[in-house]
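For reference, the structure is listed below as structure tokens.
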Amino acid sequence: MSEPKSPEIQSVLTEGRQFPPPKTFSERAVLGSMEAYERLYAESIADPEAFFAERARELHWFTPFKQTREWNHPHVKWFLGGTLNLAYNCLDRHLTTSRRDKAALHWEGENGDTRSLSYLELHREVCRFANVLTQSGLVAGDRVALYMGMVPELVIATLACARIGATHSVIFGGFSATAIADRVNDASARAIVTCDGAWRRGKLVPLKANVDEALDRCPSVERVFVVQRTGNDMNLVEGRDVLWHEAMATASHEHDAAPLDSEHPSFILYTSGTTGKPKGVVHSTAGYLLGAYLTTKYVFDLRDDDVYFCTADVGWITGHTYVVYGPLSNGATVFMYEGAPDFPEKDRFWALIARWKVSIFYTAPTAIRAFIKWGDEHPARHDLSSLRLLGTVGEPINPEAWIWYRKHIGGDRCPIVDTFWQTETGSIMISPLPGATTTTPGSATRPFFGVEADVVRKDGSPCGPDEGGFLVIKQPWPSMLRTVWGDDARYQTQYFSQIPPYYFAGDGARRDALGNFWIMGRIDDVMNVSGHRLGTMEIESALVSHEAVAEAAVVGRPDEATGTAVVAFVSLRPGYSPEAALKEALKGHVTREIGALARPAEIRFTQLLPKTRSGKIMRRLLGDVASNRQTLGDTTTLEDLSVLAALREDQE
Ligand code: WT7
């Protein structure tokens, strides 16, 4: 194979540690060998329609589908002619089995309150709220916004919308009134479900007050349902606002789930992108559910005795697919936590795992890097022996953070599934299957069934082994987004016009000689240093492999000599102080790990990095700081503006 003159991205990371699945894990796993994976994967690619039609029959249908797929590039439909219901598949289906009285949901509030709901109890609550929605005049196809804390009522409201076919739009509870108004107006939502307030680090977040402020600008909203969680004072608007518990008290717990078309828009979710105006990603009913169901079953290897804890908020896609639809359609027991991981102490997650005997734990690299920063003693204090499987999602995970996670949380015993996917993909696209795949820290390994992933050059030709390029998906998959709400042109240009005719959503990657995928970060973050196109993730990983470093973010700054100079923002582990000598040591460390081409021109120590509300580092803003540019771009997704101000003051 001929080497291209200049690769799209040059890979410099070498990571060779390998972890085969433990034999005892494989023996009991849903899928227990690489041979089984290879066989099913080959089947799913050779004939995706036959593969997914067979799997779709594991779901409950009111009317069977007549055609499996219609691919009219770039639009796809799956399971045409079929009718089904998401909530029916998550609840009713289990009521005729032994799962009827099993816990569907265990919940712990930040203040220590607890609740548990069996499948039967959750079903009744969902039916009640479905009746409340219907009595308020809401019908299939209406949009309903949910702006709530992480309370059981959020799951109930989500499923109740799905039950009547109201397209839900969950708005993360950390967003402001402006963000609520933008999203509600874009979708013309007719109703909002909210809470009086939410607990976060012991403080009250005034959710209802935020909604009131937003609604001054939202003429489409006729009805507001309010769950009383915190008991704070709030304003109730006569004729518009309804208290949840009052409406629920008189509602029947019987309700027939609506038979919905397989392509019915089940929800809109606005992406938390690091640039630009939020997009309303629209998901289907049947294809979405199949993706959620199948990936949860295989990637999380769910068994009936598992207690499964995904730390994501339901306001993100991870919460939709892996707190609600995936685990419940599999009949799992979900554990849900309301509050912050460091409240009242930095060991809260570990206390929860020990108390609720959590067996599967799924979180984000940004959280893992925070755990590392907080110190090893917090997990060490708790009995984490109930855990059998760990997962990560959201960003590339630096190999050293992966190793820390395996050792300090997984007791060197639990497999780790590094799951690559996006809001737009609906469900996991690239991930190990824990009973089958040999994992390597930093690699999401192999594509899921039916996912024809590849790494290509700008002209669409496939890259060779370890040649960095664009990550594309060549065939539609069931849980793929269907459009951008109200802007189908944006759907086409955003995802299908950069590397036509493929789906491309912005990530750089390489594939090694074994066929494993390594996500190298967003293409927008690639830097051109002396003609070498470098991804940020690999330099960051080299920094994180130094004993003093907990977290690092690398950006480019214009430089006369090299075109771009590498600037690294670094936060330190406990016990290390930000000294000039350490800066030199870190520069030397990167030179040794990668080579002089990646040597940072400048290291800046910082306590915190600017992140989106979902925890992604906003390198664009760091680039502005490093170059002494004024920040002109959008900062509305930034979690904490004061971080940016602090970075600007903190010059060398
Ligand atoms: C972007 C999607 C999908 C759940 C949460 C994020 C990055 C996500 C990984 C991973 C490397 C990852 C990508 C992707 N990403 N998971 N395992 N390894 N990168 O959803 O907000 O839509 O973000 O997150 O850059 O494109 P999202």
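Computed from the coordinates by the stated procedures, all read-outs in this text should not be read as laboratory data. These numbers come from a predicted model, not from an experiment. Glycine gets a Cβ as well: all are built from the backbone with ideal geometry, and neighbour counts include every protein chain shown.
The figures follow:
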| item | result |
| --- | --- |
| Under 5 Å, built H, 5+ apart or other chain: amide partners of I430 | F420, F448 |
| Percent RCO, i.e. relative contact order, over segment 565-621, from Cα pairs under 8 Å lying at least 6 residues apart | 43 |
| Residues T439, T97, sorted so that the one with the fewest Cβ neighbours within 10 Å comes first | T97, T439 |
| Distant-in-sequence amide H partners of L260 (H built 1.01 Å from N, under 5 Å) | L84, N85 |
| Two-site label geometry, D216 and S116: point separation in nm, points 7 Å out along Cα→Cβ | 4.6 |
| Residue-by-residue Karplus 3J(HN,Hα) for segment 194-211, coefficients 6.51, -1.76, 1.60, Hz, glycine and proline x | 9, 10, 4, x, 9, 8, 9, 6, x, 9, 8, 9, x, 4, 5, 4, 5, 5 |
| Fully extended contour minus Cα-Cα distance, from S385 to R355, at 0.36 nm per residue | 9.7 nm |
| Computed label-point distance, nm, for sites W71 and T24 using a 7 Å Cα→Cβ extension | 4.4 |
| M527, M520 arranged by Cβ crowding within 10 Å, fewest neighbours leading | M527, M520 |
| Among 596-603, 242-249, 292-299, 534-541, the order from most to least packed when residues are scored by Cβ within 10 Å on average | 534-541, 292-299, 596-603, 242-249 |
| Under the Karplus curve 6.51 cos²θ - 1.76 cosθ + 1.60, θ = phi - 60°, whole-Hz ³J(HN,Hα) for segment 171-181, x wherever Gly or Pro sits | 10, 3, x, x, 7, 8, 4, 4, 5, 4, 4 |
| Two-site FRET efficiency, T14 against D459, from Cβ-Cβ distance with R₀ of 22 Å, rounded to 0.05 | 0.20 |
| Segment 23-509 shape via C-alpha gyration tensor axes, a/c threshold 1.5 | rounded |
| Segment 230-274 residues near the modelled N185 label - backbone nitrogen below 12 Å, point 7 Å along Cα→Cβ | none |
| Cα gyration tensor shape for segment 508-599, rounded if a/c is under 1.5, else prolate or oblate | oblate |
| Point-to-point label distance, D256-H60, nm (Cα→Cβ direction, 7 Å offset) | 1.4 |
| Cα gyration tensor category, rounded, prolate or oblate, for segment 1-89 with a/c compared to 1.5 | oblate |
| Per-residue [θ]222 nm for the chain (sum of -39500 (n - 2.57) over DSSP H runs n ≥ 4, rounded to 500) | -8000 deg cm²/dmol |
| Residues S188, S461, sorted so that the one with the fewest Cβ neighbours within 10 Å comes first | S461, S188 |
| Listed pairs K23/K407; K279/K357; K346/K587; K297/K407; K277/K616; K277/K458 exceeding 27 Å between Cα atoms | K279/K357; K346/K587 |
| Euclidean distance of C-alpha centroids, segment 48-118 and segment 570-607, integer Å | 48 |
| From phi via Karplus (6.51, -1.76, 1.60), per-residue ³J(HN,Hα) for segment 446-453 in Hz, x at Gly/Pro | 10, x, 6, 4, x, 9, 8, 8 |
| Length-normalised contact order of segment 23-509 in % [C-alpha pairs under 8 Å, at least 6 apart] | 16 |
| For segment 395-464 versus segment 243-263, the gap between their alpha-carbon centres in whole angstrom | 38 |
| Computed lengthening from E584 to E602, 0.36 nm per intervening residue step minus Cα-Cα distance | 5.5 nm |
